[in-house]
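Structure in structure tokens, see below.
The values are calculated or read from the model by the stated rules, or taken from the named source; none is laboratory data. Since we're looking at a predicted model, the values are computed, not measured. Virtual Cβ from ideal backbone geometry, glycine too; neighbours counted across all protein chains shown.
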Amino acid sequence: MTPDKLILLLAIFPLVMLLWMGWQSQRQARFGQLNTRDHVFRCARCESVYTDDEDVDRSGCPKCGMSNEEYEF
């Protein structure tokens, strides 16, 4: 790799990162928080895995209706 190409690469990389960070912040402002903190549940009866809101400690299975506690990984 020639020194000219290396300098060009070192100059372009921070610009690309700044553009990406700006796009991400605009996207979050437009659509709200993208990373939700849903709880993961696993049904003890049918072994279905599903999610529910973070403020719920127990949730009914969408397949069989059994109430389940949050699954810990």
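Met1 versus (1) in contact with a Leu (Cβ under 9 Å, 6 or more places away or on another chain); (2) part of a helix (DSSP H, G or I); (3) exposed (fewer than 11 other Cβ atoms within 10 Å of the Cβ): which is the lone unmet condition?
All conditions pass for Met1, except number (2).
Any idea which residue in the range 36-73 is modelled with the highest pLDDT, counting only those that are within 18 Å of the chain's Cα centre (by Cα) and polar (S, T, N, Q)?
Thr51
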